[in-house]
Structures are given as C-alpha cells and as structure tokens.
Amino acid sequence: MGSLFFTSVELGLLYAIVVLGVFLTFRILNFPDLTVDSSFVLGAAVTTILIRNGMPGILSIFVGFMAGFLGGSLTAILHTRLGIGKILSGILSMSILYTINLRLMNGPNVSLLNQPRIIEIFKIPTNHFYLTLFLIIVVLTIKFFIDWFLQTEFGLWLRATGNNEITSQSFSINTKLTKFVGIGISNGLVGLAGGLITQYQGFSDINMGVGTVILSLAALMLGEALTSKNKIPILTFVIVVGSILYQLIVNIALQLGLAGSDLKLITALIVIISLLIGGKNKYQFYEKKLFNN
Amino acid sequence: MKKNFLIINDLTKIYDVGTSNEIVALKNFSLSIKKGEFITIVGSNAAGKTTLFSLINGSELPTSGSILLERKNLLALPEFRRAKLISCVRQNPNDSVITSMTLAENLALAKINGRNANLNKGVKKEWKKEFKIILESFHLGLEKRLDDKVSSLSGGQKQIIALIMATISKPKLLLLDEHTAALDPNVSKTVLRITDQIVKAGEITTLMITHNIRQAIEHGNLLILLEKGRIGFKVSGIKKQSLNIIEIENRLENRLAKPKNY
Amino acid sequence: MKKIITFLFIVIASVSVFIFITRYKSSNNKQILRVGISQIISHVGIDAVRDGIVAGFEAKGYKNGENILFDFQNAQGETSINQAIAGKFANSNYDIFIPIGTQASQALVNLIKNKPIVFASVTDPVTAGLVASKEKPGGNVTGTSDMTLFKEQLELLKKFQPEDKKIGLVYNPSESNSQFSLQETKKYGAELGYEFITVPANNTGEVMSAARSIVNKVDAFYILADNTVIAGQEALIKVALEAKKPVIAVEQSGVEKGALATIGINYIKLGERTAEMALNVLNGEKPGDIPILGVKDGDIFINSKTAKLLDITIPTDLLEQAKQIYE
C-alpha cells in the first residue's frame, strides 16, 4: 500500500521535470508551446535506441535533453525565422517530430523490458527509497539551475522577452535568440523526462506523449494555487509539489474505483479549482489587463 | 558650439506614394541641433511629430532626406543598432518598462543595453548601490522599492524609472514621446521636474513631443511648432519664455480649420 | 496562508480516504477470484476482446460480482495513467492480470514479477519484450496473439478465382511492421502457388499511383497489414475495380470500402480463448510453460456488389459462413 504512494511520488517527480519545462515556455516566455507532446517522445525514442545499442541508462539525462532541445529549436526557428505564429509553430513541430519519432523507433513501439536500465539499480517495485531519492536530486538540481539561470543577465533578457517583446527590443534584447534558447531548454527538459520515463515504464510508444501538455498545465496550475508569491524560486518549488499532488490525486481516484475515463474530467476539475483558489493578480496576463485600462 | 550634433536634412516621408491615399507626413524637414540642446516640439495631430520620431529611431525609413548623428549616417543603421545611441520614453508607462520584473532588474536591463547578455548575475551588488544613489537623488522614496515589481508602481513612477532606464547608459539622443500625456497634471509636473534634472545632469541632447503648450514653453531651450509636416516656427531664449500660450493654441486650431494644400 | 491550509487539508483528507480504502479492499473475502483487466484506450477491437474475456469466464461458471471480481481499467490513451494503473495492479492482491494490447502489457510486465500475467491480443509479444519465445515464454507471462490471417486470406482468393496467379502488393518500405507482413505473405503465398509483384509507396498519397503502376501486370491485389496501405486502401480498391481486378482486404473495413472479401480476426473469440488460458493458469499451470496462442478464429466478410461488378459467383459455402455481406 505504501508502495502506491511511492508510485505517485515517483511519477510526480518524473513529470515535475516536464512541468518545469512547460513553466519556462508558458509562463516565463509567454509562449504556449505545443511541441511538448512530441519532444517528450523524441527524448524517449532516442534514449531507447541508444540503450538498446549499449548506452548506460544514466546518460539518457544528457541524450534526452539534447534530443528535446533540438525539437524545441525546430519550433523556435519556425516562429522566429519564418514568422509562423506561436501555437501553429508548436503544432507543426509536433507533427514533424511525430514522423521523425516513428522513423527513429522504426515502428510504433520499442521495448526496454529486457534491457539494462538505470531504473534497475533502484530495484523497484520492492524498494522505492533509492529511486525516489535519486529523482529528488535530479529534480532539485534542475530547479536550482532554472532559478539561477533566470537571475543571470541572459535570464533577465528571457523574462523581458516574455513580458513585452517590443519594449525588450528597445533595450537591444535579441528576442530571436532568447526565444530559441528558452524554447530549446524547455523542450530539452521535456526530452530528458521522456528518457527517464521510458526507462521507468519499460517501453517507448509513439503515443506516449499524448496529453502531456494538458497534464503539465494542470499540475502547473495546481502548484501555483498553493502560493500568492510571485518570486521565481518559490514558483519552481510549488510546481514540483503540484506535479506530485496531481499524481497523488490521480492515484487516489484510481484506488477509489474511478475509471481512467473519469480522470480527464478530474484533470479539468483540478485546473478549474486551482484557478479559483489561486486568485487573479498573479499572472502577467491579468496584470496586462488591469494596468492597460 | 556648432550646430552639427544632429543634422536632419530635407527629411521627407510620404505614405502610399502615387496612390489616391497618398499622405505627406513630413516634407523637407530640416533641423540642426547642437549637443546638449533640449528641444520641445508641438503641433496638431497630423503634423508629423510621431513620424519624425519614428524616422529618427529607425522604426521607419524616410522617402528621402538624411539624418546625421555626429556626422555619421544614422539611416544606415538598423533599428536595433540605433537603440544603443537613441533612447525613447513613450506615452504608455507599460510600454517603457518590463512590468513582471523588479525595479532593480529593469535598471539592470538598461545597463546591459548595447552589449550581449552573459551568464553573470543580472543585478550586481555594485549596480544596485548605484541605482540606490540615483533614486535617492529624486527624493521620492523609490530607492526603497528596488526589489518591488514594477507592476506595483504608479504610472508616474514607472515613467521615472523609464527615464532612468533610457539615460543610464548615456545615450546620444533622448526622444520623449508625450511621456506625461497619460499622467495626472500633478504627476506630470513631478515627472517633468525629474526629466529636467536627469537631462541636465547627463547633458543629454533631448527632443520632447508634447501636446501641452505650457510644458513646451516652460521646459527646454528651443520650441518648434510643426504644421503639416513642416516647421511652422522655431523659438528659443527669452522670446520662448515670453510666448503666449493662447496665441499658439489659436495658430494650431486655425491651421486645422484650413483645407490641405501644398 | 489560508490557501496553504485549505490545500493541506484536502491533501490529508484524500490521503486518509486513500489509506482507508486500500485497507478495506485488502481485508476482503479470500474465496473470491480477483482479476485485473487493463487496456490503453477504447477501440472497437480492444473492447471486443474485453467482452470476450468476460464471456469466456462466464462460460466456465464465473460471474462478475458473484464468485469473481473484475477490475476494468482504461488508460484513455495517456501514458501516465497507463503507468498508474500498472502501479495500482502491482500493489494489489489480485490473483491474475489480463492486459489487452501491447502497451498495457508492457507496463504490467515491467512491474509484476511474482503474479501471473496472461495478455490478450498482442501482435508480437517477443519483440515487445514480454516473453522469451513464443514456444516457451519462460517467466510469469503468457497470452494470446492476434496475427494477421495471411494464409487464410490468400486461401480465400483461391476460392473465388482459382486461376489467379499474380498478386499485386503495395507496401511502405519504412514501416517495420509491414516488412514482417510482406515476408509472411510471400511465404504463405508461395505455398499456395502465388507469384507476387510488389511496389513501394512512401505515404498514403502514393498508394494510388503505386497500384496503377502494376494493375495491368497482376490478376488480383492483396492489402498488406501495413498502416500506410490501409489508410490509402480506398484508392487502391478503386484502381483495381476499374481494371476489374479483385482485392482481398486485410480487415473488415476494406470489404466495406469495396474489396471483394476478407477473413478478419474475431476479437470476441480471442477474448474467450484468453480467458480459457487464464483459468488454466489459475488452476495450476505455469505461464512460462504455456506457449503463446496465435488466435486464428476468423469471420468472413464479403462484398456482393463488388462480386457482381467483377462477374464473380460467390461460392455457396462462403455465403453461408459469412459473418456479414456488404451490398
């Protein structure tokens, strides 16, 4: 029974990496990035192929990140160089990557069940402790990296770009570059998570990314509802908590006998309740509305 | 001092050339400015004030004419390169600052303006001290709010921050585009007082567009009236101080009543 | 502050309910059989398998709610839910697990090592990593597989037009699944005396021109179990019919769209056979020793309008056996 709690925490931590990535694009850069569903699979696919060819599982952290970053770069280029709108760029990228993923995996599904994966070291499902500890370290490292990065000069550039592109340009901020790096890192994190999750579950599947954006937004909003503070280090912390809470709620619902079909409704409810409890004056979106009147 | 800091020669901007919608926004506009001058510009709505600014800062290119800044051809530089030399403060306080970041972070962004951002900490300790000193000089208590988000400031306070941001890296030219138009009269007074203070301290060559004739008379050393894309008249010195507001307003209104003709 | 307290309260309340429920569930009657059934998504074929499993248990006297309890789970196409379901099953006290389809099975096999798993309808369980080999799976896992009925479908063509010799095959060279279909088709076809003419199509749009390029060199077409070709099958069928050549489809929808006939896997029967296998395991057989069962129960589908167009008389025995005749 306790193991079920751990499963939620583990999945919560794994998906927290995705949520941190989504935070970078949706909140900081103000770029609703839909590439996520495919860059997630890209990280998984590349990881799977390399593991089957002998790569040690732990290297998936770098490999998955690089793969995801490339996926994000595609979106950034479509948007900044070809002038395609934010949402459409994400959708186009997602479609292109879908085909690439299929080719990489040479089919819709690749098994990792009999391959040496990093997860084995942690001997789940019987012993969750070490795996949870490992994941906490990975997630915290990523969180602190983001906190630090957004306080650097380039980080200020990135945040300015997300708030007001025109004003940013009047301060000679290279908004093409900031978007490229921001969307790249965000999808890099998503790919990294894909690489870890594919080892966790034992296989890669072409459809394993479906619903990732929505899940991340729900977890993101759940986390944001926990605080009224707007400081970045606090936000990155609460969204990790939000991801874990989200998985806990999903697991509880399953235990209570709710079917998988009801879980989509629950996700929507979580988003609604979070928006109600969270209060309005937090997001740039609302700020702009209030102060432009 | 020779008037060759900023030389605008025969600047013309025509929209939709040759069509029935053709609009002549600026016609053979010429002006020579010496370093450190503070010029106020007034004119009715279609007079060409905003066009003049957008040609100077690079958001638009002229149909003909030239602009030389310190004898270099300004028109050869694209907008983002001009941003290093020319700073603007606009009318909408929310367009001049980054509302989601703190005062200190905004000022740091202004200090970074003109070079590539690196991975060092954005708001450095020494910079923060510098910002504190600058803010203290205005006696408005802003130095206590360095770590507050700019969104929590009033319109007037935002414009003051915008002014500091625009001048912190000593631009060659400062363009003020009706920067107090959206503020209450009292707040406008304060912002203009600070404007004078900053411009004087940095000896910054400044062009200010305003709809408020009194402001145009009371601030700056040269007043230009733009009418239909040309200079109506220029006044400086004592003559400027003794200008009659009513006269100027009438002149602007009269011109509005008369039909267009070139 | 208030918000944090509200949330903490909700979390603590949920966790308590959670603990209570799991305690309650595990202290139940030991006599009743508990079976966990999971699927990745809802879909006609998968749902039919599930119904077949329930029917199979019922046929042997096990009625849901009386002497057996089924826990039906559906991941709604979401990986994280699929994983959560696997976690739930792994931490349960169920007696046996019946996952339907590849992804549901992989997630379970990943976590459950000491309870039996009998999967249903996994096309290639060895490549999916579920078992060591089809003949001797080896561990705690076995199950049923739904391979395409290549031989049976080709034999069907012989029944309609025994004189046909050359069969046209369109395929997508970059789909690994279709490589396998191509190989198997050629193998069985050779046994039946057929010669194959193959032509590649890299995407759905190319299917029509690919078909056109060989339509005059063949006597009939066979639609491979290839996603690209199936997606473009309407175009292929049109080309063939214009040249009065019959098409054997690989599943029901093809016949609906104008192919002459096919034998499609009866997924309900597959479910029933899986249930039989599961009961054998529950009665003591070791899953590792039970070879994977390739289910061949098929339903015949015929399109009589097409038959008329091609001037083909449908053999009476086929007419009688047919599950559905399209007009």
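The values are calculated or read from the model by the stated rules, or taken from the named source; none is laboratory data. If you're wondering where the values come from, they're calculated on a predicted model, not measured in any experiment. Because the Cβ atoms are built from the backbone with ideal geometry, glycine has one as well, and the counts that use them run over all protein chains shown.
Tabulated data for the structure shown
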| item | result |
| --- | --- |
| Test for A:Thr141: is it more than 14 Å from chain C (Cβ to nearest Cβ), at pLDDT 95 or above and crowded, with 23+ Cβ neighbours inside 10 Å | no |
| Failed item in (1) outside any helix (DSSP H, G or I); (2) in contact (Cβ under 8 Å) with a residue 40 or more places away in the chain, with A:Gly83 passing the rest | (2) |
| Selected residue [assigned to a helix (DSSP H, G or I), among the hydrophobic types (A, V, I, L, M, F, W, C) and more than 25 Å from B:Ala181 (Cα to Cα)] from B:Ile133, B:Ile56 | B:Ile133 |
| Qualifying residue in the range A:168-191 (condition: within 18 Å of the chain's Cα centre (by Cα), crowded, with 24+ Cβ neighbours inside 10 Å and within 14 Å of chain C (Cβ to nearest Cβ)) | yes |
| Residue match in the range C:83-93 (condition: in contact with a Phe, Trp or Tyr (Cβ under 7 Å, 6 or more places away or on another chain), more than 14 Å from chain A (Cβ to nearest Cβ) and part of a helix (DSSP H, G or I)) | no |
| The range B:82-121, residues that are in contact with a strand residue (DSSP E or B) (Cβ under 7 Å, 6 or more places away or on another chain), more than 21 Å from B:Gln157 (Cβ to Cβ) and crowded, with 17+ Cβ neighbours inside 10 Å | B:Leu85, B:Ile86 |
| Number of the exception - B:Ile33 against (1) within 27 Å of B:Ile198 (Cβ to Cβ); (2) crowded, with 22+ Cβ neighbours inside 10 Å | (2) |
| Test result for B:Lys35, touching a Pro at 6+ places or on another chain (Cβ under 7 Å) and of a type outside the set (Val, Ile, Thr) | no |
| Matching residues, the range C:209-228, being at pLDDT below 90 and assigned to a loop (DSSP other than H, G, I, E, B) | C:Leu224, C:Ala225, C:Asp226 |
| Check on C:Gly61, within 20 Å of C:Asn93 (Cα to Cα), over 18 Å from the mean Cα position of the chain (by Cα), in the same structural domain as C:Gln103 (by TED's automatic domain parsing) and small (Gly, Ala, Ser) | no |
| Boolean, B:Ile14 is within 14 Å of chain A (Cβ to nearest Cβ) and either more than 26 Å from A:Thr175 (Cα to Cα) or among the hydrophobic types (A, V, I, L, M, F, W, C) (or both) | no |
| Check on A:Ala16, in contact with a Phe, Trp or Tyr (Cβ under 7 Å, 6 or more places away or on another chain), in contact (Cβ under 8 Å) with a residue 40 or more places away in the chain, part of a helix (DSSP H, G or I) and not acidic (Asp, Glu) | no |
| Residue in the range B:204-226 that is modelled with pLDDT under 85, buried (at least 16 other Cβ atoms within 10 Å of the Cβ) and not β-branched (Val, Ile, Thr) present | no |
| 1 or more residues touching a residue at least 40 places away in the same chain (Cβ under 8 Å): qualifying helices (runs of 4 or more DSSP H) within the range B:172-253 | B:185-202, B:213-218 |
| Qualifying residue in the range A:99-118 (condition: away from chain C (no Cβ under 14 Å), assigned to a helix (DSSP H, G or I) and aliphatic (A, V, I, L, M)) | no |
| Of all residues in the range B:153-176 being among the charged types (D, E, K, R) and surrounded by fewer than 22 Cβ atoms within 10 Å (Cβ to Cβ), the one that is modelled with the highest pLDDT | B:Lys172 |
| Hits in the range C:30-81 (condition: of a type outside the set (A, V, I, L, M), surrounded by fewer than 16 Cβ atoms within 10 Å (Cβ to Cβ), touching a residue at least 24 places away in the same chain (Cβ under 8 Å) and more than 29 Å from A:Lys264 (Cβ to Cβ)) | C:Gln31, C:Lys60, C:Asn67 |
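Results for (1) surrounded by fewer than 21 Cβ atoms within 10 Å (Cβ to Cβ); (2) at pLDDT below 90; (3) within 13 Å of the chain's Cα centre (by Cα), shown as yes or no for each residue.
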position	(1), (2), (3)
B:Lys128	yes, no, no
B:Leu135	no, no, no
B:Leu140	yes, yes, no
B:Asp147	yes, no, no
B:Ser151	no, no, no
B:Glu178	yes, no, yes
B:Asp196	yes, no, yes
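Each row is one residue, and each column tells you yes or no for (1) in contact with a His (Cβ under 6 Å, 6 or more places away or on another chain); (2) modelled with pLDDT of 90 or more; (3) of a type in the set (A, V, I, L, M).
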{"site": "C:Ile230", "(1), (2), (3)": "no, no, yes"}
{"site": "C:Leu241", "(1), (2), (3)": "no, yes, yes"}
{"site": "C:Ala249", "(1), (2), (3)": "no, yes, yes"}
{"site": "C:Gln252", "(1), (2), (3)": "no, no, no"}
{"site": "C:Gly271", "(1), (2), (3)": "no, yes, no"}
{"site": "C:Leu279", "(1), (2), (3)": "no, yes, yes"}
{"site": "C:Gly288", "(1), (2), (3)": "no, yes, no"}
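Let's see how each residue does on (1) touching a helix residue (DSSP H, G or I) at 6+ places or on another chain (Cβ under 9 Å); (2) more than 10 Å from chain A (Cβ to nearest Cβ):
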| residue | (1), (2) |
| --- | --- |
| C:Thr102 | no, no |
| C:Leu108 | yes, no |
| C:Leu111 | yes, no |
| C:Ile117 | yes, yes |
| C:Thr123 | yes, no |
| C:Thr148 | yes, yes |
| C:Leu182 | no, yes |
